[in-house]
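Please treat every number below as a calculation from the coordinates, not as lab data. Just so you know, these numbers come straight off a predicted model, no measurement behind them. We place every Cβ from the backbone using ideal geometry, glycine too, and count neighbours over all the protein chains shown.
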Amino acid sequence: MNKQDYMNTSVQEPPLDYSFRSIHVTQELLSEEPRTGLRPLRHAKSGKSMSQSLWLNNNVLNDLRDFNHVVSQLLEHPENLAWIDLSFNDLTSIDPVLTTFFNLSVLYLHGNSIQRLGEVNKLAVLPRLRSLTLHGNPIEEEKGYRAQVGTMSPAIALAFLPLLVTLLVRYRHYFRLLVRTVLLRSLRDCLSGMRIEERAFSYVLIHALPGDPGHILTTLDHWSSHCEYLGHMGPVKGQILMRLVEEKAPACALELGTYCGYSTLLIARALPPGGRLLTVERDPRTAAVAEKLIRLAGFDERTVELIVGRSEEVIPRLRTQYQMNRADLVLLTHRPRCYLRDLQLLEAHALLPAGATVLADHVLFPGAPRFLQYAKSCGRYRCRLHHTGLPDFPAIKDGIAQLTYTGPG
């Protein structure tokens, strides 16, 4: 195939996708396997990819050192690279290396830490650049940002319509999830005057057996699958959690993020005799629902104590106010962006004994790359990742991280 033929056909090749891989430096790409999509990647005889698209979104890159070298090792024709996605990383500037790809037409840089509006001027040398995203960077606050960045014209937007259709097909599961968790949920909230957790509890009251946590959990699963998607832990992850709690037999467990109380019941029913669980929920209205569910399942305050408050405010008071001197098992299931902060708070207040187990949900979707990077590199934890999918959306890959604390080091 000659170069002209390549240019005419390879734009339809699937992307080389390294998103959500906790990549810290570009050299790590050479040892990572790209994600698989609906269509297989095509390779040249050299073994390099024929793609014109490179997706590095949702990682922890803070610079593009060796980017040219790495791209030349991955792509058969790096000079024809047309789409680069670097969104949701830690880039503080627009690296001049990006200006060397003269066929670049799509560049995603949103969700980074780019601070100077003048950085955008570097991209003026790219003759084919048609789509540039910079929202979610500190430069949004600079005067003149919108005038300089601008928006796509209708003609250019129309040219990208096939790309939009391709993305909708490729990410149709995410689109369905968005519709169920945002659009339909908001509509039902408005029509009923109740939150989804309150509607779920009403269903449990009618259909579940009081005092039977297993039946209550099954009822919640059924409601989420057949009525409204709850976004809870679900039965697959639930089995992993229960097995680990039974294996570790913690005398005292801590949960950050009670939500509707689903994972709380999973932990509570697997605790050893005399075991105690403290669960923390920041939203008072959600906590009120979870409290009713926990008591309906038959657990009293001696076994499960629910604390309403922000995790960063509760953790420093666990020892003095709640008589928790150690947490043998911790479940993080609140906000992934808070996982690292709260893990370090637990360390700072000496609440993790050697051998303690820390479990973190949603580390792949929506993802907690900084938390995973810290756990792997700080030398205080042995790490394992349990791969799963989302409840009712198995094609959306997620996972539970299992950390074993080895001591302050």
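Model label sites at Met194 and Val179, defined 7 Å from Cα along the beta-carbon direction, differ in position by 2.5 nm.
When the chain is described by a simple charge dipole with +1 on each Lys and Arg Cβ and -1 on each Asp and Glu Cβ, the residue from Leu91, Ala124, His77 located farthest towards its positive end is His77.
Shape annotation for the range 1-125: C-alpha extents along the principal axes are 43, 31, 25 Å, from largest to smallest. With θ taken as phi - 60° and the Karplus curve 6.51 cos²θ - 1.76 cosθ + 1.60 applied, the whole-hertz 3J(HN,Hα) list for the range 391-403 is x, 6, 9, x, 6, 8, 6, 9, x, 10, 8, 10, 10 Hz, x standing for glycine and proline. Close amide H contacts of Thr388 (hydrogens built in the peptide plane, cut-off under 5 Å, sequence separation of 5 or more or a different chain): Asp398, Gly399, Ile400. For the pair the range 57-113 / the range 307-346, the C-alpha centres are spaced 37 Å from each other. The range 210-290 gives an Rg/Rh value of 0.96, both radii derived from C-alpha positions and Rh following Kirkwood.
Taking K and R as +1 and D and E as -1, what net charge do the other residues with C-beta under 10 Å from the C-beta of Tyr339 add up to?
On the way: positive: Arg335, Arg337, Arg341, Arg370; negative: Asp342, Asp361.
So the surrounding residues net to +2.
Its alpha carbons give the range 257-409 an Rg and a Dmax of 15.2, 44 Å.
Subtract the Cα-Cα distance of Arg382 and Glu28 from 0.36 nm times their separation in residues, and report this length gain in nm to one decimal. Numbers along the way, then the final one.
Details: separation 354, 0.36 × 354 = 127.44 nm, distance 2.07 nm.
Stretched fully, the Arg382-Glu28 segment lengthens by 125.4 nm.
If you take every residue apart from Gln321 with its C-beta less than 13 Å away from the C-beta of Gln321, what net charge results, scoring Lys and Arg +1 and Asp and Glu -1? Surrounding charge for Gln321 is 0. Normalising the average separation of contacting C-alpha pairs (under 8 angstrom, six or more residues apart) by the number of residues puts the relative contact order of the range 173-249 at 27 percent. In a reduced charge model with +1 at each Lys and Arg Cβ and -1 at each Asp and Glu Cβ, the chain shows a dipole moment near 240 debye about its Cα centre. Between Thr218 and Arg335, the contour length at 0.36 nm per residue exceeds the alpha carbon distance by 39.6 nm.
Summarising the overall dimensions of the chain from its C-alpha atoms, the Rg and Dmax are 24.1, 74 angstrom. Pairs of Lys residues in the chain that lie 8 or more places apart, or on two chains, and have C-alpha atoms under 18 angstrom apart add up to 4. What residues have an amide H closer than 5 Å to that of Tyr381, excluding those fewer than 5 places away on the same chain, when H is modeled at 1.01 Å from N in the peptide plane? HN-HN under 5 Å from Tyr381: Thr406.
What FRET efficiency would be calculated for the residue pair Ser46, Tyr171, taking the C-beta separation as r and a Förster radius of 30 Å, to the nearest 0.05? Can you show the working numbers first?
Numbers: r = 30 Å, r/R0 = 1.01.
Rounded to the nearest 0.05, the efficiency is 0.50.
Quick one: Karplus J couplings for the range 291-300, per residue in order, coefficients 6.51, -1.76, 1.60, θ = phi - 60°, nearest Hz, x for Gly and Pro? For the range 291-300, the Karplus curve yields 4, 5, 5, 4, 6, 4, 6, x, 9, 8 Hz.
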